[in-house]
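Next up is a structure, given as structure tokens.
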């Protein structure tokens, strides 16, 4: 794409003397779309109900501090929604590496009071079934990938491949 660039020449007294034009190529710079990469979680394929609170990049690790964006959670026993928070704790999960860096996810998990008086459960923790099962130390993605490596290669060869990535 070309454009016509015009410039005016001025004489020494400051008056306009004439117009000179030349044809120059314009380098096209793509416009940044609205909402493009406004959510860095798209890079890690994490569930949409999580929000990124902090990101720490070190030489060997990439640490993401995540929390839920939902204001309430349903009790796993009676399915009664609750928004009354009992306490909070952090949960650490290992995820697939990114750019040869180990990825650690720190989840801010909330415990809720069950507000249903007929329910036997007094408190419960919010769950993230799309990310990791309860008590897991690694994400579903990492568990699936390591399982595929172990099944395909087995033993020492699988360990060597997994430690490289």
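The values are calculated or read from the model by the stated rules, or taken from the named source; none is laboratory data. Worth saying up front: this structure is predicted, and the values here are computed from it rather than measured. Reconstructed Cβ throughout: ideal geometry from the backbone, glycine too, with neighbour counts over all protein chains shown.
Return the pair list, or none, for Cβ contacts closer than 8 Å from residues in the stretch 143-165 that are closer than 18 Å to residue 103 by Cα to residues that are loosely packed, with under 13 Cβ neighbours inside 10 Å, at least 6 apart or on different chains.
Partner pairs satisfying both residue conditions: 165/100.
A further question on this structure: Out of all the residues in the stretch 131-165, which are part of a loop (DSSP other than H, G, I, E, B) and surrounded by 15 or more Cβ atoms within 10 Å (Cβ to Cβ)? Break it down stepwise before answering.
Of all residues in the stretch 131-165, those part of a loop (DSSP other than H, G, I, E, B) come to 131-137, 139, 153-154, 165.
The answer is 131, 132, 136, 139.
Moving on. Could you identify the single residue in 107, 93, 62 that is over 15 Å from residue 47 (Cα atoms), within 25 Å of the chain's Cα centre (by Cα) and surrounded by 15 or more Cβ atoms within 10 Å (Cβ to Cβ)?
The conditions single out 62.
Please verify whether the stretch 60-78 includes one or more residues that are touching a residue at least 24 places away in the same chain (Cβ under 8 Å), within 27 Å of residue 164 (Cα to Cα) and outside any strand (DSSP E or B).
Yes, the stretch 60-78 contains a residue that is touching a residue at least 24 places away in the same chain (Cβ under 8 Å), within 27 Å of residue 164 (Cα to Cα) and outside any strand (DSSP E or B).
Within the bounds of the stretch 38-48, is there any residue that is closer than 16 Å to residue 109 by Cβ, modelled with pLDDT of 60 or more, in contact with a strand residue (DSSP E or B) (Cβ under 9 Å, 6 or more places away or on another chain) and surrounded by 11 or more Cβ atoms within 10 Å (Cβ to Cβ)?
yes
Checking residue 121 against (1) under 17 Å from the mean Cα position of the chain (by Cα); (2) surrounded by 13 or more Cβ atoms within 10 Å (Cβ to Cβ); (3) in a loop (DSSP other than H, G, I, E, B): exactly one of these is not met. Which one?
(1)
Residue 102 is checked against (1) in a helix (DSSP H, G or I); (2) surrounded by fewer than 16 Cβ atoms within 10 Å (Cβ to Cβ); (3) in contact with a strand residue (DSSP E or B) (Cβ under 7 Å, 6 or more places away or on another chain) and fails just one. What number does that condition carry?
(1)
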